[in-house]
Amino acid sequence: MNKRVGAISHMTTPVQAWLQGSAYALLLVFAVALIILAKTDNIAVERVRTAVVDSVAPLMEVANRPVVVISDTIETAQNYVALKSENEELRRQNENLRRWQITAAKLQGENASLRGMLNLSSEINPSVTTARIVADQGGAFVRSVIVNAGNLDGIIKGQAAMTGLGLAGRVAEVGRHSARVVLLTDISSRVPVFVGSNRSRAIMVGDNSPSPSLLYLDQDATVKLGDTIYTSGQGGGFAPGLPVGIVHSLSEASIKIRPYADWDDLEFLRLEDYAVKQNLDILYSDSEAEGLQ
Amino acid sequence: MNPTFWQRIDGLARSACPFTITLLLTIFFLIPLHIPNLSAVVPSVLLISIFYWTLYRPDLMPIWAVFGLAFVHDLLTGVLLGVGPFILLLFCLALNGQRKFLAQTSFSVLWASFFILSSLAFTLKWILIYLLEPGIPDFRPALFQNLTTVAVYPAFSWIFALIQRSLLKS
């Protein structure tokens, strides 16, 4: 009934004000329709999104150049200042890593012979494309980046996006020259993982903070601080064994992960194709994730 | 005397100024600046620009332009499409409701009003994301992005006023 009163009272106001009011109502309805379309994963939304990102990406790339030059110059200057102390630190690390190299080589040989004995299929070597991040400042409600490589460069939806240190996210949308990578920390990110050396299963869930948490952990699992997290490959989202991060805080309420990827220093992403064919979307809804428990 | 072709083009370009500037700023503010933790709390220049132009030149920032800008912003940032336009339409509705009061008030009151409206917009956006996405989004980035946006408001407001004085005299 209130609406009717409103409509009558509008008749007394100028036509322009009435038009303005209807424009608001119409556009608000349109916005709600867009939310529904996006929420139901309408293909048209994805097409429009990739088309717009594709058309803006070259502009972003050009605008990015001066920023790259400035940040590279600052980094070079900082490197000169820290040269001596860094050198000593690297020497120490190098010695340590050499010892690990010997252990790794020994384990690699042992692993290969055991795989041979068990007749396990050999691991897939991914095809890798490196792409520069051209946009990453999405604000408080999303954690995704745009990279300057698209399906013309062989990028396909679902590829793993890696930094030098570990997994950073997955390719969610692909245009001709650009692609969007949803980071592990995004609220929509769900990654099936193994925790620690006893390979307990869990789902790593982002919440837009820098530290994702673990959900749906195996009931008999024991998790310690510093346990390593790597992808389990279950559900077919990612290849198994990609390094993700470590457990960095444990509480009654949640287990928080610190990803290996350094969010403050993301400049390039390595997009790796492991030819994982399964449907990825199964991982990105809560109900399905519960099913994986 | 009728305006010549070039005068018309000049007039059109000037009228399109608020829209174009907002669009370019929105795009440039997405570029990685390699500053730690900035990406989550980068000021929402879109909100500031729409506040300013809707208040001072509503004829050059009509409601469909607000919708278009928020639509493009949503597409580029990867936020669930439609959330940005929905919030900004309500933001403009609230702003237009207070137009008479805001048009005559001092700068500090205007800044405080922007703080209130921007806080409401961020809170509503957080609620919408909470309702529409799985899980509970962290509230801290929204809080800090709101604060950085309010903090840079005077600077951008000054720049827009400069543009208004030099390009949009009429």
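The values are calculated or read from the model by the stated rules, or taken from the named source; none is laboratory data. No experiment lies behind these values; they were computed from the predicted model shown. Virtual Cβ from ideal backbone geometry, glycine too; neighbours counted across all protein chains shown.
Taken together, the residues in the stretch A:227-282 that are among the hydrophobic types (A, V, I, L, M, F, W, C), at pLDDT 90 or above and over 16 Å from the mean Cα position of the chain (by Cα) amount to 3. The set of residues in the stretch B:31-41 that are touching a Ser or Thr at 6+ places or on another chain (Cβ under 7 Å) and of a type in the set (A, V, I, L, M) contains only B:VAL41. Hey, does the stretch A:108-126 have a residue that's within 14 Å of another protein chain (Cβ to nearest Cβ), in a helix (DSSP H, G or I) and surrounded by 10 or more Cβ atoms within 10 Å (Cβ to Cβ)? So far as the stretch A:108-126 goes, no, none of its residues is within 14 Å of another protein chain (Cβ to nearest Cβ), in a helix (DSSP H, G or I) and surrounded by 10 or more Cβ atoms within 10 Å (Cβ to Cβ).
For (1) modelled with pLDDT of 90 or more; (2) within 11 Å of chain B (Cβ to nearest Cβ), each residue gets a yes or a no:
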site: A:THR13; (1), (2): no, no
site: A:ALA17; (1), (2): no, yes
site: A:ALA23; (1), (2): no, yes
site: A:LEU37; (1), (2): yes, yes
site: A:ASN42; (1), (2): no, yes
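Condition check for A:PRO126 on (1) without any contact (Cβ under 8 Å) to a residue 12 or more places away in the chain; (2) touching a Phe, Trp or Tyr at 6+ places or on another chain (Cβ under 7 Å): one failure, at (1). Just to check your reading of the model, which residue among B:VAL45, B:VAL66 is over 28 Å from A:PRO66 (Cβ atoms) and within 13 Å of the chain's Cα centre (by Cα)? Just a single option satisfies the conditions, and that option is B:VAL66. Take the stretch B:76-99 and flag every residue that is of a type in the set (A, V, I, L, M), facing another protein chain (nearest Cβ under 7 Å) and over 14 Å from B:LYS125 (Cβ atoms). Residues satisfying the conditions are B:LEU76, B:LEU93. Out of curiosity, is A:GLY226 surrounded by fewer than 17 Cβ atoms within 10 Å (Cβ to Cβ) and farther than 25 Å from A:ASP273 by Cβ? Taking the combined requirement at face value, the residue satisfies it.
Here is a yes/no grid of residues against (1) in contact with a helix residue (DSSP H, G or I) (Cβ under 7 Å, 6 or more places away or on another chain); (2) in a loop (DSSP other than H, G, I, E, B):
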residue	(1), (2)
A:PHE194	no, no
A:ILE203	yes, no
A:LEU214	no, no
A:ASP220	no, yes
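Cβ separations smaller than 9 Å between residues 6+ apart or across chains give the following pairs from the stretch B:5-31 residues that are free of Cβ contacts under 8 Å to residues at least 24 places away in the same chain to residues that are charged (D, E, K, R) and crowded, with 17+ Cβ neighbours inside 10 Å: B:ILE31/A:ASP136.
When you go through (1) touching a residue at least 60 places away in the same chain (Cβ under 8 Å); (2) under 24 Å from A:SER55 (Cβ atoms); (3) not in a helix (DSSP H, G or I) one by one for B:PRO43, which number turns out not to apply? Of the numbered conditions (1) touching a residue at least 60 places away in the same chain (Cβ under 8 Å); (2) under 24 Å from A:SER55 (Cβ atoms); (3) not in a helix (DSSP H, G or I), the odd one out for B:PRO43 is (2). Checked against (1) over 27 Å from A:LEU183 (Cβ atoms); (2) facing another protein chain (nearest Cβ under 9 Å); (3) in contact with a Phe, Trp or Tyr (Cβ under 7 Å, 6 or more places away or on another chain), B:VAL66 passes all but condition (3). Could you say whether any residue in the stretch B:77-100 is in contact with a strand residue (DSSP E or B) (Cβ under 8 Å, 6 or more places away or on another chain) and either of a type in the set (Gly, Ala, Ser) or surrounded by 15 or more Cβ atoms within 10 Å (Cβ to Cβ) (or both)? Looking through the stretch B:77-100, at least one residue is in contact with a strand residue (DSSP E or B) (Cβ under 8 Å, 6 or more places away or on another chain) and either of a type in the set (Gly, Ala, Ser) or surrounded by 15 or more Cβ atoms within 10 Å (Cβ to Cβ) (or both). For A:PRO58, the criteria (1) surrounded by 14 or more Cβ atoms within 10 Å (Cβ to Cβ); (2) within 22 Å of A:PHE268 (Cα to Cα); (3) at pLDDT 90 or above; (4) not small (Gly, Ala, Ser) hold in every case but one, which is (1). If you go through the stretch B:97-125 and keep only what is within 19 Å of B:PHE67 (Cα to Cα) and at pLDDT 90 or above, you end up with B:LEU117, B:SER118, B:LEU120, B:ALA121, B:PHE122, B:LEU124, B:LYS125. Against the conditions (1) more than 10 Å from every other protein chain (Cβ to nearest Cβ); (2) modelled with pLDDT of 90 or more; (3) exposed (fewer than 12 other Cβ atoms within 10 Å of the Cβ), A:ALA33 satisfies every one except (1).
Inside the stretch B:118-140, residues that are more than 8 Å from chain A (Cβ to nearest Cβ) and part of a loop (DSSP other than H, G, I, E, B) make up a count of 1. Residue selection: B:ALA155 fails the criterion of being in contact with a Pro (Cβ under 8 Å, 6 or more places away or on another chain) and more than 14 Å from chain A (Cβ to nearest Cβ). Against the list (1) more than 23 Å from A:VAL182 (Cβ to Cβ); (2) facing another protein chain (nearest Cβ under 7 Å), the condition A:VAL62 fails is (2). In the set (1) without any contact (Cβ under 8 Å) to a residue 40 or more places away in the chain; (2) over 30 Å from B:ASN146 (Cβ atoms), the condition left unmet by A:GLY138 is number (2). Consider the stretch B:101-117 and keep the residues that are small (Gly, Ala, Ser) and more than 16 Å from B:LEU90 (Cβ to Cβ). The one that is nearest to the other protein chains (Cβ to nearest Cβ) is B:ALA103. Scanning the stretch A:231-246 for residues that are touching a Leu at 6+ places or on another chain (Cβ under 6 Å) and not polar (S, T, N, Q) yields A:GLY235, A:GLY237, A:LEU242, A:VAL244. Annotation note: of A:LEU165, A:LEU215, A:LEU225, the sole residue that is touching a residue at least 24 places away in the same chain (Cβ under 8 Å), touching an Asp or Glu at 6+ places or on another chain (Cβ under 7 Å) and not β-branched (Val, Ile, Thr) is A:LEU165. Residues that are of a type in the set (A, V, I, L, M) and within 9 Å of chain A (Cβ to nearest Cβ): does the stretch B:41-56 have at least one? Looking for residues that are of a type in the set (A, V, I, L, M) and within 9 Å of chain A (Cβ to nearest Cβ), one finds at least one in the stretch B:41-56, hence yes.
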